[in-house]
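K.L.:
I'd like to ask you about the structure that follows.
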Protein chains: 2
Amino acid sequence: MDSCVVPLRQGGLSLVQTTDFFYPLVDDPYMQGKIACANVLSDLYAMGVKTCDNMLMLLGVSNKMSDKERDTVVPLIIRGFKDLAEEAGTMVQGGQTVLNPWVTIGGVATTVCPPNEFIEPGNAVVGDVLVLTKPLGTQVAVNAHQWLDEPERWNRIRLVVSEEDVEMSYQVSMFLMSKLNRTAAKLMHKYNAHGATDITGFGLLGHAKNLVQHQKNEVSFTIHNLPIIAKMAAVAKACGNMFQLLQGYSAETSGGLLICLPREQAASFCKDIESEDGLQSWIIGIVEKGQRKARIIDKPRVIEVTPKIE
Amino acid sequence: MDSCVVPLRQGGLSLVQTTDFFYPLVDDPYMQGKIACANVLSDLYAMGVKTCDNMLMLLGVSNKMSDKERDTVVPLIIRGFKDLAEEAGTMVQGGQTVLNPWVTIGGVATTVCPPNEFIEPGNAVVGDVLVLTKPLGTQVAVNAHQWLDEPERWNRIRLVVSEEDVEMSYQVSMFLMSKLNRTAAKLMHKYNAHGATDITGFGLLGHAKNLVQHQKNEVSFTIHNLPIIAKMAAVAKACGNMFQLLQGYSAETSGGLLICLPREQAASFCKDIESEDGLQSWIIGIVEKGQRKARIIDKPRVIEVTPKIE
């Protein structure tokens, strides 16, 4: 699953640890640093871990950058990463930087904790519901934004979105991707979550399938609702099968948590997150008896989402 | 220094953690995996940590490789890394693989331990001696080996080495680079080491300077002896100032530990390592009163080393 859990020699403690690194996808280095940090921490949060004890930063600096580009961009990436680590109540102590053809950014997040501080992902039961804590569509939004400068591609989507829509959805995406899933991790304990995963490169359904395969009980996941950043469903449709957004496979970066919650707790969970973070969450599906399959129903309800940017 | 040490919330325990990744330097993927693993662990060993609780593997697979190359090379790298982790008594649980223009290999090594399991590097006192646990010259040997296929460069060194010498020093280097510094870490406790560092990219003197700057006491390091893989001093000289091997700045990969030891313990330390690992160590210098400088004397004694390969 998202993090590894290693029992330690010291009585009852476990090491919970994760690493992730990728290539920049937004043109704002400071935000890119924040997004990379949020993305690494998300794997811990998916385990219900709310305190990270240390982060390492992994950086590949492009050997094709001029000295001036390097001296401008790299400190901003590092600052973004460190600022968000601080917001998460942790520190960046250690890491490595290398020269590489492509800019690379990522990190390692580690916590040491007793068993009651993390939540094993495999305890969903029939009757649970599935909650998602961020809307989908970040990759579509980031791509659409790049296409503003590529007339041929822009022509494919200009009938369904305006430049302003695209600019707005790009800003919304940066905001969402740099948002910590920490409140959700904390509330997973309060509301007795039975397991979770974070949504990243394999898309909602890809990660749902992985999570359901790790369940102890014979359950399946059925997803009815797709909360999507406003207009991005239309953009995805205009691009044919390219993104697979409505099929559940569009990649997300630093996406939300998908959480199995007891049905009677889910509404309170969503309400608490909204009052703490000002961000909506959604009940998007149910846990049924089954052979550990995950699916999206034939005509899912698309919920158009326009979060308020802080 | 080499690893970060983070005090944990759990009484008296610390998280000791390090990361390192780099680009392949030998043409044997299995050995390359071992070398990368040994190199990451070396940072923990320099702290006197002999038990690593978990490793993550970080892998960049070249997007320029054919499917066949990828399917041949990558499993061998991974196997080498994992085999050496096992030899070190630890496991690789977690990590990430990405596509990248250059092959990249590295990892993260983490341990959780009470204060008596690691040795702070800053306690050298006047009268200590400096011990080095692997000979220098790995970069020279690796380069000389590449030059066998580059007539122009080979011509620069063919008067001082034979092809057989170069082949042998390359095999010796692979053997040394894939050798764990674990026995040294263990013996640092037995013989009351006052601090250590591992020798990697900045060369012997580069890392000695870094270590001396972290000393609590007003001390300096003076290095008299340079143990060097046989013939590599001659190769370095034939190349002019290119390697800076005799000046102490030739990069090493997964080099030895440089350890500050009480004078009366150093000989026993070296003897113990030799009887456990079959590998020589050397007293290469002394700790004197000073302003935290490190230097190699004007005409250091070069010790030509030909380790027996297992």
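The values are calculated or read from the model by the stated rules, or taken from the named source; none is laboratory data. As the structure is a prediction and not an experimental result, all values here were calculated from the model. FYI the Cβ positions are ideal-geometry reconstructions off the backbone, even for glycines, and counts take in every protein chain you see. We work out accessible area using only protein heavy atoms, side chains counted, and drop any ligands, DNA or RNA first. Shrake-Rupley method; radii C 1.70, N 1.55, O 1.52, S 1.80 Å.
K.L.:
Would you point out the residue of the range B:20-43, among those that are at pLDDT below 95 and at the interface with another protein chain (Cβ under 10 Å from one of its Cβ atoms), that is surrounded by the most Cβ atoms within 10 Å (Cβ to Cβ)?
P.N.:
B:D20
K.L.:
While we're here: Return only the number of the condition from (1) more than 13 Å from every other protein chain (Cβ to nearest Cβ); (2) closer than 26 Å to B:I105 by Cβ that A:A46 does not satisfy.
P.N.:
The number of the failed condition is (2).
K.L.:
Being buried (at least 19 other Cβ atoms within 10 Å of the Cβ), part of a loop (DSSP other than H, G, I, E, B) and within 14 Å of chain A (Cβ to nearest Cβ) is the filter here, so list the residues in the range B:49-88 that pass it.
P.N.:
B:V49, B:K50, B:C52, B:D53
K.L.:
I want to confirm something. Restricting to the range A:273-295 and keeping residues that are open to solvent by less than 30 Å² (accessible area, probe 1.4 Å) and outside any loop (DSSP other than H, G, I, E, B), which single residue is nearest to A:E120 (Cα to Cα)?
P.N.:
Among them, the one singled out is A:V287.
K.L.:
Out of all the residues in the range A:225-244, is one or more at negative phi, over 21 Å from the mean Cα position of the chain (by Cα) and open to solvent by less than 10 Å² (accessible area, probe 1.4 Å)?
P.N.:
Yes: one or more hits.
K.L.:
Restricting to the range A:206-224, give me the number of residues that are among the aliphatic types (A, V, I, L, M) and surrounded by fewer than 22 Cβ atoms within 10 Å (Cβ to Cβ).
P.N.:
1
K.L.:
Also: Do the conditions hold for A:Q17, that is, is it free of Cβ contacts under 8 Å to residues at least 24 places away in the same chain, open to solvent by less than 40 Å² (accessible area, probe 1.4 Å) and at the interface with another protein chain (Cβ under 10 Å from one of its Cβ atoms)?
P.N.:
Judged against the criteria, A:Q17 is not a match.
K.L.:
Which residue is farthest from the other protein chains (Cβ to nearest Cβ), if the candidates are limited to the range A:100-134 and must be among the acidic types (D, E) and open to solvent by 10 Å² or more (accessible area, probe 1.4 Å)?
P.N.:
The selected residue is A:E120.
K.L.:
A:T97 - would you say it is within 14 Å of chain B (Cβ to nearest Cβ), open to solvent by 50 Å² or more (accessible area, probe 1.4 Å) and either assigned to a helix (DSSP H, G or I) or farther than 21 Å from B:L13 by Cα (or both)?
P.N.:
When the stated conditions are applied, A:T97 passes them.
K.L.:
Would it be correct to say that A:Q10 is at the interface with another protein chain (Cβ under 10 Å from one of its Cβ atoms), of a type in the set (S, T, N, Q) and in a strand (DSSP E or B)?
P.N.:
no
K.L.:
Turning to a different aspect of this structure: Hey, can you tell me all the residues within the range B:153-183 that are over 30 Å from B:Y45 (Cβ atoms), outside any helix (DSSP H, G or I) and basic (K, R)?
P.N.:
Within the range B:153-183, just B:R158 meets the criteria.
K.L.:
Here are the criteria: (1) out of contact with any Pro (no Cβ under 6 Å at 6 or more places or on another chain); (2) surrounded by fewer than 24 Cβ atoms within 10 Å (Cβ to Cβ). Tell me which single one A:G12 does not satisfy.
P.N.:
The failed condition is (1).
K.L.:
Do the conditions hold for B:M1, that is, is it within 14 Å of another protein chain (Cβ to nearest Cβ) and open to solvent by 50 Å² or more (accessible area, probe 1.4 Å)?
P.N.:
yes
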